[in-house]
Amino acid sequence: MPSMSSSHSWHVFTATIDHHDQDNELFTMEVCMTDLDPILARKFFRRPDDGKTGHSAGKEMTELTGINDINADALVCDFAFDPCGYSMNGMDGDWYSTIHVTPEDGFSYASFECVGSVNANNIGHVLRKVVQIFRPGTMSVSTTCSGYSNEMWKQMATAVEPLGFKCRSCAMDQFPAAATVVFQTFTPRRKST
């Protein structure tokens, strides 16, 4: 799925899914973020000789950055790498999420992915929290919904507009017997002089 930027595209692979529970539609949201705010990215660096394990340092990063507030009910397994970097998996019922962070200046990157029931969480609210934690310079958001969700792209754009982001491109495709996929790219709005 192409975008207006030649450097962003999304490759989609589908399979037929047998939907037994039409009242509980599944969604996936994948957020790829680059050029993270350098001050926020520093929270994913460990102090030399901090005496902590990767797990205890990871738990500290989860709390310090606010990642624990994305889904406060999730059981979280987090890990901090030495000297920097972070990884997390969270589970709450049918809700699963994962985060990976490479915070180094010049090529910082974070990804967030969640899978769950559309009715279980307000995914626009979740996206807003994720963007507030990392404040990326550029991001792409891919949402996949097992039901036809014509309004999905609007919900994502509306979630991040108050944070100063503008949707630069949007592509949507419906895959028969599989899902609807929406791929969007966002950058900060230009400030008027």
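Each value in this text was obtained by applying a stated rule to the coordinates, not by laboratory testing. Quantities reported herein were computed from a predicted structural model and do not represent experimental measurements. Don't worry about glycine lacking a Cβ; one is built from the backbone with ideal geometry, like all the others, and counts go over all protein chains shown.
Size of the range 26-188: Rg and Dmax of its alpha carbons, in Å, are 16.0, 54.
Distance between the 7 Å Cα→Cβ label points at T158 and D37: 2.4 nm. Evaluated over the range 26-188, the count of Lys pairs having alpha-carbon atoms less than 28 Å apart is 9 (only pairs 8 or more residues apart or interchain). Here the calculated FRET efficiency for M172 and Q132, from their Cβ-Cβ distance with R0 = 22 Å, stands at 0.30, rounded to the nearest 0.05. Under the simplified labelling scheme, the D92-S117 pair shows an inter-label distance of 1.4 nm, with each label point 7 Å from Cα along Cα→Cβ.
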